[in-house]
Every structure is written in structure tokens, then in C-alpha cells.
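Attaching a single structure in C-alpha cells format; questions to follow.
The values are calculated or read from the model by the stated rules, or taken from the named source; none is laboratory data. On a predicted model such as this, the values are computed, not experimentally measured, just so you know. Heads up, the Cβs are rebuilt from the backbone with ideal geometry, glycines too, and the neighbour counts pull from every protein chain shown.
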Amino acid sequence: MTYGIYFDSATPAEALRQALHTVYGVPLELVYVGPYDELNDYPGPDPVVLITPVDGPFGHELSGGDGLHELTKASELELARSICRVARTRALVDDGSVAPDYWFLVAADGSSGRVQTDPDRDELTILYALEPIAGAPELPVVPPPDWARTW
């Protein structure tokens, strides 16, 4: 199991770290917060979670592997929902479809739905929702193309 979740840049990375600890009991020293190039200087034990900065509105990438799964027993989407509810933030999670620009947006209330990101930008930027999302009523909804309606 691997995790790759992108959280809203407006939320402090420390809030995400604390949410992992609060919800799942992940020891704080196992969560590294900072840029990749400073990871070798991390004084703690080998982390099971990395929260690293990336460009764009979803500027905190949370990554982890089997060690995180052992601690949480949660899927990527479940983990994002729990953290979003506690940290009052939003997140993008890959929807697993063949379309590279379709993601699940998880709102601060934990609700989620598919969104289209801008394929012409390097950073993750939402264009619109592909279905209504209770916690993001401000997003315009554009129905997906016929080929994508078999989710």
C-alpha cells in the first residue's frame, strides 16, 4: 500500500502531522515535515510518513507506504477524509482512473467527489467538479464525458 495525498497549502503542515497523531496515534517522531533535501538531517527515527512541500494550491504532499498502512489500516481516501475533518482542510487523492487529471477532492467535512484538474498546469489546480460535493458547493459541476461515467 502506498499513499500520495496532496493537502491544501493554506493549512500548516504541522496541523496535518498533529491530525495523523490525533486520529491514528501515529507517533509524531515518525512523521517528517520538511523538504526532501533535508530528510538526511532528520534527527528522529526513520519516518513512516513524509509531508513535503510542492508548488500550487495543494502544496503539502503526504506520502507513506506499508509502515503507515500498518499504523492506520486506512485506504488513501479514508486517511484523507479523517485528516481533512480533524485539520479542517481539503485534499486531492488520485481517483485511480485512466484519466490523469481526475482526482477525488476531499472537503473539510470529509465529503468527497471527483474533480477535473487543469492539464495545462504543473501544479494541481481544480477546474471544476465532475459531481456535486457536499463540502464544496462553490465548485461548478460539469458532468464527465460518457466514457468516464462507469466509475
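So which helices (runs of 4 or more DSSP H) stay within the stretch 2-115 end to end and still have 1 or more residues that are at pLDDT 95 or above, among the aromatic types (Phe, Trp, Tyr) and touching a helix residue (DSSP H, G or I) at 6+ places or on another chain (Cβ under 8 Å)?
On the way: elements: 13-24, 66-72, 76-87.
Fully inside the stretch 2-115 and qualifying: 13-24.
Among (1) free of Cβ contacts under 8 Å to residues at least 40 places away in the same chain; (2) assigned to a strand (DSSP E or B); (3) crowded, with 16+ Cβ neighbours inside 10 Å; (4) in contact with a Pro (Cβ under 9 Å, 6 or more places away or on another chain), which single condition is Tyr128 missing?
(3)
Given the residues Leu71, Leu62, which is the only one that is more than 23 Å from Ala134 (Cα to Cα), surrounded by fewer than 21 Cβ atoms within 10 Å (Cβ to Cβ) and not acidic (Asp, Glu)? Let's see the steps before the verdict.
On the way: Leu62 fails: surrounded by fewer than 21 Cβ atoms within 10 Å (Cβ to Cβ).
Leu71 is the lone residue from the list that is more than 23 Å from Ala134 (Cα to Cα), surrounded by fewer than 21 Cβ atoms within 10 Å (Cβ to Cβ) and not acidic (Asp, Glu).
Condition check: of a type outside the set (Phe, Trp, Tyr) and modelled with pLDDT of 95 or more. Does Pro143 satisfy that?
Working: of a type outside the set (Phe, Trp, Tyr): yes; modelled with pLDDT of 95 or more: no.
No.
Among the listed residues Ala108, Ala136, Ala87, which satisfies the condition of being closer than 13 Å to Phe7 by Cα and either surrounded by 19 or more Cβ atoms within 10 Å (Cβ to Cβ) or not aliphatic (A, V, I, L, M) (or both)?
The conditions single out Ala87.
For the stretch 66-83, enumerate the residues that are under 21 Å from Leu105 (Cβ atoms) and among the charged types (D, E, K, R).
Across the stretch 66-83, the qualifying residues are Glu76, Glu78, Arg81.
Does Val33 qualify as being closer than 21 Å to Ser82 by Cα, in contact (Cβ under 8 Å) with a residue 24 or more places away in the chain and surrounded by 15 or more Cβ atoms within 10 Å (Cβ to Cβ)?
Working: closer than 21 Å to Ser82 by Cα: yes; in contact (Cβ under 8 Å) with a residue 24 or more places away in the chain: no; surrounded by 15 or more Cβ atoms within 10 Å (Cβ to Cβ): yes.
No.
So that you can scan it fast, the table gives a plain yes or no per residue for (1) over 13 Å from the mean Cα position of the chain (by Cα); (2) in contact (Cβ under 8 Å) with a residue 12 or more places away in the chain; (3) more than 17 Å from Glu14 (Cβ to Cβ):
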site	(1), (2), (3)
Asn40	yes, no, yes
Glu61	no, yes, no
Ala80	no, yes, yes
Val106	no, yes, yes
Gly110	no, yes, yes
Gln116	yes, yes, yes
Pro119	yes, yes, yes
Glu138	yes, no, yes
